1. Express in Å², to the nearest 10, the accessible area of residue 83 obtained by rolling a 1.4 Å probe over the protein heavy atoms while all chains stay in place.
2. Just read off the accessible area of residue 26 with the full protein assembly in place, 1.4 Å probe, to the nearest 10 Å².
3. How much length would be gained if the chain were fully extended between residue 40 and residue 24, taking 0.36 nm per residue of separation minus their Cα-Cα distance, in nm to one decimal?
4. Hey, can you grab everything whose amide H is under 5 Å from the amide H of residue 85? Only 5+ residues off in sequence or another chain; H modelled, so Pro and N-termini drop out.
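The values are calculated or read from the model by the stated rules, or taken from the named source; none is laboratory data. All values derive from a computational prediction rather than experimental measurement. Calculation scope for accessible area: heavy atoms of the full protein, side chains included, ligands and nucleic acids excluded. Shrake-Rupley method; radii C 1.70, N 1.55, O 1.52, S 1.80 Å.
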Amino acid sequence: STAERLASAQDPCVQHFKTGRKNFVLDTEESIEDGAVFLANPSVAHTDEDPKCNLALIEDGHETGSNNSCFLFNCLYKQKYVCRFIQKRG
């Protein structure tokens with residue numbers, strides 16, 4: 001899987017996160033409406049840590065031939081985890 005490939009490479013962007021459930025993706029619109037904050041879109045090789053980041057979404061560019069993309073989010077709003085996930089095949 002993508003997460004396993006990235007984690008096996010000891011990628012700095014993903015090494016501090018747990019792998020999510022297969023075939024689920026972040027519902028960004030709903031999550032942001034509920035108070036989640038998009039923090040950054042660093043390269044996957046980015047080494048700076050953001051203490052507010054508690055969700056890293058890795059988009060696999062393997063199928064499109066592009067590089068992997070990393071999207072960092074803060075999913076805590078008023079001490080509540082507000083990020084939502086939806087099923088999406090692949």
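1. 10 Å²
2. 10 Å²
3. 3.7 nm
4. Excluding prolines and chain starts, which carry no amide H, the hits are 27.
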